[in-house]
Amino acid sequence: MSKRTRLGVPAVVGSALAIGSLVGADLVRSVVRRDLDPMAGEDFALMDADRARTVCTDDGVELVVREVGPADAPVTVVFVHGFCLDMTSWHFQRRALAQRWGDGVRMVFYDQRGHGASESGTSQSCTIAQLGDDLSAVVEQTAPTGPVVLVGHSMGGMTILGFASRHADVVADRVRGVVLLSTTTVGLSRTGLTASLDNPVIDALRFAVRTSPGTVQRARGAARRIITPILRAASYGTAVSPSVQRFSNGILDRTSVVTIVDFLRTLEVHDETAALDVLRDVPAVVLSGDADMVIPFRASRTLADALTDAELVRVRRAGHLVQLEFPHVVTEAIDRCVRRVPAKQEQAHVG
């Protein structure tokens with residue numbers, strides 16, 4: 001009998017206590033000033049009207065892409081979303097930066113494999129390395145020439161790191177800046193999200209995904225009762241607009257349980273430290289909330305310390321979904337990075 005099996009009951013109890021603590025905090029935040037909702041009239045379907053296309057990855061998965069700005073803009077900014085999210089998690093940045101940049105910058109958003117409207121690959125393809133190759137396909141097919149700035153949140157930041165370690169030549173030739181939000185170069189902290197998901201129930205789900213994914217989908221209600229409260233409670237560190245909370249909860253609820261379980265292992269064990277040498281001299285902004293329970297702020301500090309030209313931004317009281325909780329701070333950070341693209345090369349107007 002394995003050690004994990006022998007400790008099965010305590011693990012479940014510990015996980016239940018962790019879930020209870022997280023959900024309790026989430027409930028407190030959700031009832032604070034529920035009558036005040038500054039985002040009540042927000043159009044969160046804004047991206048639905050943007051130009052749509054698909055990108056085919058090297059293993060034949062179709063990724064859904066949205067574009068804003070002229071195809072011949074002098075700079076392209078590619079946005080890469082995180083785990084259990086989709087491209088609409090960049091809603092506030094898409095809205096604000098389109099107004100600010102006008103025709104001077106093209107923005108490219110896409111749904112990662114298994115997320116949003118994109119196709120899913122095999123369980124074996126749900127790795128940071130493959131996501132890095134997917135990003136390479138997006139860059140190659142949507143922005144084959146010209147300077148590129150990459151913006152990634154959480155797993156999206158890991159995707160950029162995976163891309164850099166596997167496509168160093170493209171980074172050297174094309175990438176003029178990176179913005180890394182709430183991310184890490186190595187596996188998630190055992191005191192954060194993965195600690196709460198480290199129990200025999202999730203282990204059983206992992207096994208079922210590999211052997212009978214249809215069974216997991218039929219049992220998705222039970223799976224969500226374990227996973228969803230943890231992910232929801234980790235989203236915000238402050239009381240956010242109920243509309244924003246419903247919006248992010250809706251994205252989570254639309255994510256397949258198979259996708260969630262497929263990516264858990266790579267999130268736990270990935271190691272993208274090889275990317276640090278590739279990105280060492282690339283202008284960067286590394287940003288994170290200091291109330292992030294998924295990826296602690298110290299991971300961002302470590303990441304920034306490894307880059308010679310990085311600005312570290314600490315967002316007080318922000319949780320994991322910092323781009324939705326403090327959108328203005330994130331938008332300004334992205335804008336600062338893009339403004340550093342050498343004007344003598346790009347002649348871009350981003351003011």
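Values in this text are rule-based calculations from the coordinates and carry no lab data. Remember, predicted model here, so these are calculated numbers, not experimental data. Quick reminder, even Gly has a Cβ in these numbers, built from the backbone with ideal geometry, and neighbours come from all protein chains shown.
Note on the stretch 221-318: semi-axes of the ellipsoid equivalent to its C-alpha gyration tensor, largest first and rounded to whole Å, are 29, 19, 11. Under 5 Å from the amide H of Val286 lie the amide H atoms of Leu180, Glu311, Leu312, Val313, each residue being 5 or more positions distant or on a separate chain, with H modelled from the backbone and absent for Pro and chain starts. Sorting Leu303, Leu264, Leu312 from the fewest to the most surrounding beta carbons within 10 angstrom yields Leu312, Leu264, Leu303. Remark on Gly114: its backbone amide H falls under 5 Å from those of Glu119, Ser120, Gly121, a criterion applied only to residues 5 or more positions apart or on other chains, H modelled at 1.01 Å from N. Listed values for the stretch 151-161 are Karplus-derived 3J(HN,Hα) couplings in whole Hz (6.51 cos²θ - 1.76 cosθ + 1.60, θ = phi - 60°), namely 10, x, 10, 6, 4, x, x, 4, 4, 4, 5, and x replaces Gly and Pro. For the stretch 314-339 and the stretch 227-295, what is the separation of their C-alpha centers, rounded to whole Å? Here the answer is 14 Å between Cα centres.
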